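Here's the structure, in structure tokens; my notes come after.
Just so it is clear, none of the values below were taken in a lab; they were calculated from the coordinates. As the structure is a prediction and not an experimental result, all values here were calculated from the model. Using ideal geometry, Cβ is built from the backbone for each residue, glycine included, and neighbour counts are taken over all protein chains shown.
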Amino acid sequence: MDKIPILKMGEYLLVTIQIDLYDRLALNLENDLVNMISKYSSKGVLIDISAVNIVDSFMGRILGNIAQMSKILDAHTVVVGMQPAVAITLIELGLPMNGVHTALNVEKGMDLLQKKLLFDTEVITEEEEDGSTE
Amino acid sequence: MVVLNKEIINIEREQDVVFFRNRVNDYADKIKMGLVNKTKLLTAASELVRNMLNYAKGGKVQCEIISVSTLQTGIRLIFIDRGPGIDDISKAMQDGYTTGKTLGLGLPGARRLVNIFDIKSQPGVGTTVTITKWKNG
């Protein structure tokens, strides 16, 4: 059976979808990703869809689900590399991509994840400092 | 209207969807359909074929290249299933209406993505959806 590989890189998980997705495969990816986040306490997930030709309502829902599931496991999700034709189609289809962060390419996606992580740690340290002065 | 090419693809399993999408992709390339139109057609086809698998446990799709005049060439896909049918088509065509656990965007979304959309359904007999996407348009 086909499987989409998930690579662990430090605090992040990287996924590059390079084959034609069918529903079962997308569901397995969702499952595998959530398990990996929990196993490695990952702080960010980067999904590269630059090789994906179609994102239909099911695939869009899976991406949204992954973003929301990782959020409640304290990880950010960034979807990168969406083809312009796919973006046009998604909007005409009427798909709400709620809670999914996007970036143009892998590089910018990584930057975004790092900024989010930095912001999170700053907020935590500020809170701790506030607590100590009181 | 002239039908230039005709092929029937049976859809029985999820893996058939990948094969079917590739065939439609080949047809779109054959008539030199633009990338945006091709993506829209493929996405609409993907929605309809999923409905067929989920609600009717499969069916068949007739793929055609059609030509109305020398100017208008396009692809017509006819999705035929012998599933439970749809009781209220106008309701099924509304955004967000679903009898399953989905977003309810399949049918209305597919209609927005193609040029001609036609749906006929008889409860207990089956459903036939016909979509046409022109090469330019």
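Quick look at the numbers
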{"read-out": "Scattering profile of the protein assembly as shown at q = 0.15, 0.16 Å⁻¹ [log10 I(q)/I(0), Debye over alpha-carbon scatterers]", "value": "-1.09, -1.20"}
{"read-out": "0 to 90° range, to nearest 10: angle between helix B:35-56 axis and chain B longest Cα axis", "value": "30 degrees"}
{"read-out": "Relative frequency of Cα-Cα separations exceeding 15 Å in the range B:94-137, percent", "value": "55 percent"}
{"read-out": "Set A:K3/A:K115; B:K6/B:K57; A:K3/B:K57; B:K6/B:K38; B:K30/B:K133 screened for pairs whose C-alpha atoms are more than 21 Å apart", "value": "A:K3/A:K115; B:K6/B:K57; A:K3/B:K57"}
{"read-out": "Cα-based Rg of the range A:55-133 normalised by 2.2 N^0.38 Å, two decimals", "value": "1.38"}
{"read-out": "Sparse-neighbour loop sites [GluC sites (Glu not before Pro); the range B:6-107; at most 15 other C-beta within 10 Å; DSSP]", "value": "B:E12"}
{"read-out": "Spacing of the two label points (7 Å from each Cα toward its C-beta) at B:Q122 and A:N31, in nm", "value": "4.0 nm"}
{"read-out": "Ellipticity estimate at 222 nm from DSSP helix runs (n ≥ 4, -39,500 (n - 2.57)) divided over chain B, nearest 500", "value": "-11500 deg cm²/dmol"}
{"read-out": "Those trypsin sites (Lys or Arg not before Pro) in the range B:1-81 that DSSP places in a loop and that have at most 11 other beta carbons within 10 Å", "value": "B:K32"}
{"read-out": "Principal axis dimensions, largest first and in whole angstrom, of the range B:1-122 by Cα", "value": "41, 27, 26"}
{"read-out": "A:E127 paired with A:Y40, simple spin-label distance in nm, labels 7 Å along Cα-to-beta-carbon", "value": "2.6 nm"}
{"read-out": "Cα Rg, Dmax, the range A:1-110, angstrom units", "value": "12.9, 38"}
